[in-house]
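Encoded as structure tokens, the structure appears first; notes follow it.
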Amino acid sequence: MDPAADIAKAAAALKHGGLVILPTETVYGLAADAGNARAVAAVYAAKGRPAFNPLIAHVADVATARRIARFDERAERLAAAYWPGPLTLVLPADDDAAVCDLARAGLDTVAVRAPAHPLAQALLAAFGGPLVAPSANRSGRPSPTTFADALEETGAAAAAALDGGPCVIGLESTVVALLDAPRLLRPGAVTRAGIEAVIGPLLEAEADARRSPGRLTRHYAPNLPLRLNVTDPGPNEVWLGFGAFGLPEPLNLSPGGDLAEAAANLFAYLRAADRSSAAGIAVAPIPDEGLGEAINDRLRRAAGYVG
């Protein structure tokens, strides 16, 4: 394997309107030229994703982000604190050509982030512009956190694929809107407390929720029915444990009760459970604090409700 040659092949595919399986520190993405409406439409088609659900524009650095979005002082502070990394900012759009109308779902805002994964950084540098890269799963399914799962989900639609190993974080990026009062649209690895330490209190999503991906009521869902906060699973359920709730192996999200470990394992373990012959999946209680807020958000959407 020649990483430089793989990056060059992937960049060439993107410039010709093709799609690329792309690793990030959060989950694997299905990448396309953010300014090419035909390529963006191919992403929606490969995922079976509703076109009213906006896509995140991935950029190499803050300088590129400033060319496609209007940064205020809060955005500058958050980018300085957390980029490159798992934080997406929703800002007023400033370049309709660089991130096409379809990618923005017709909105006057753009969601933008700079991923930290070295292969993502290398591809963005080689391509030279923003890329949309929603999770490389079919819409509504658990996001892929391994190369094999990404290929299984949408690999047939990709002209090239980059293997970056297992994703370190395993949950999609935190999304914050900075349009008026700052709002948390989607929790993630950059926690509410971490953001508030930089820019002050966050409001809930409310009117800005439609500006973020990952807000569908049923999202990240396995095929098997999912029960949450289970301490006594049924005889024909796969139990995803956490800490003292559940056996140490094989599917305890974190035997030691580590929320970061649980986040990294969540989607892979949901997929493993879904491949079993069980009648359903039961998930142990997860503390709803810090990174646990993001884990529980994904689990509630996977179970088909938000609340």
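The values are calculated or read from the model by the stated rules, or taken from the named source; none is laboratory data. Only a predicted model underlies this, so the values are computations on that prediction, with no experimental measurement involved. As a convention, Cβ positions derive from the backbone with ideal geometry for all residues, glycine included, and neighbour counts pool all protein chains shown.
The single residue among ASP163, ASP149 that is among the acidic types (Asp, Glu) and surrounded by fewer than 20 Cβ atoms within 10 Å (Cβ to Cβ) turns out to be ASP163.
Of all residues in segment 36-47, none are within 21 Å of PRO187 (Cα to Cα) and in contact with a helix residue (DSSP H, G or I) (Cβ under 9 Å, 6 or more places away or on another chain). Counting the residues of segment 3-34 that are out of contact with any Asp or Glu (no Cβ under 8 Å at 6 or more places or on another chain), modelled with pLDDT of 90 or more and farther than 21 Å from SER212 by Cβ gives 15. Across segment 21-51, the qualifying residues are those that are of a type in the set (Val, Ile, Thr) and assigned to a loop (DSSP other than H, G, I, E, B), and the one among them that is nearest to LYS9 (Cα to Cα) is THR24. What do you reckon, is ALA193 without any contact (Cβ under 8 Å) to a residue 12 or more places away in the chain, assigned by TED's automatic domain parsing to the domain that holds ILE7 and either under 17 Å from the mean Cα position of the chain (by Cα) or not in a loop (DSSP other than H, G, I, E, B) (or both)? Against the criterion (without any contact (Cβ under 8 Å) to a residue 12 or more places away in the chain, assigned by TED's automatic domain parsing to the domain that holds ILE7 and either under 17 Å from the mean Cα position of the chain (by Cα) or not in a loop (DSSP other than H, G, I, E, B) (or both)), ALA193 does not qualify. Mind checking which residues of segment 52-73 are surrounded by fewer than 22 Cβ atoms within 10 Å (Cβ to Cβ), at pLDDT 95 or above and in a loop (DSSP other than H, G, I, E, B)? Answer for segment 52-73, where residues must be surrounded by fewer than 22 Cβ atoms within 10 Å (Cβ to Cβ), at pLDDT 95 or above and in a loop (DSSP other than H, G, I, E, B): ASP61, ARG70, PHE71, ASP72. Based on what the data block shows, is GLY241 assigned to a helix (DSSP H, G or I), out of contact with any Cys (no Cβ under 6 Å at 6 or more places or on another chain) and modelled with pLDDT of 80 or more? In short, no. Taking the conditions (1) touching a Pro at 6+ places or on another chain (Cβ under 6 Å); (2) assigned by TED's automatic domain parsing to the domain that holds GLY85 in turn, GLU206 satisfies each one other than (1). Restricting attention to segment 169-181 and to residues that are part of a loop (DSSP other than H, G, I, E, B) and surrounded by 22 or more Cβ atoms within 10 Å (Cβ to Cβ), the residue that is farthest from the chain's Cα centre (by Cα) turns out to be LEU178. Within segment 106-123, is there a residue that is in a loop (DSSP other than H, G, I, E, B), modelled with pLDDT under 95 and either at positive phi or surrounded by 20 or more Cβ atoms within 10 Å (Cβ to Cβ) (or both)? Yes, because at least one residue in segment 106-123 is in a loop (DSSP other than H, G, I, E, B), modelled with pLDDT under 95 and either at positive phi or surrounded by 20 or more Cβ atoms within 10 Å (Cβ to Cβ) (or both).
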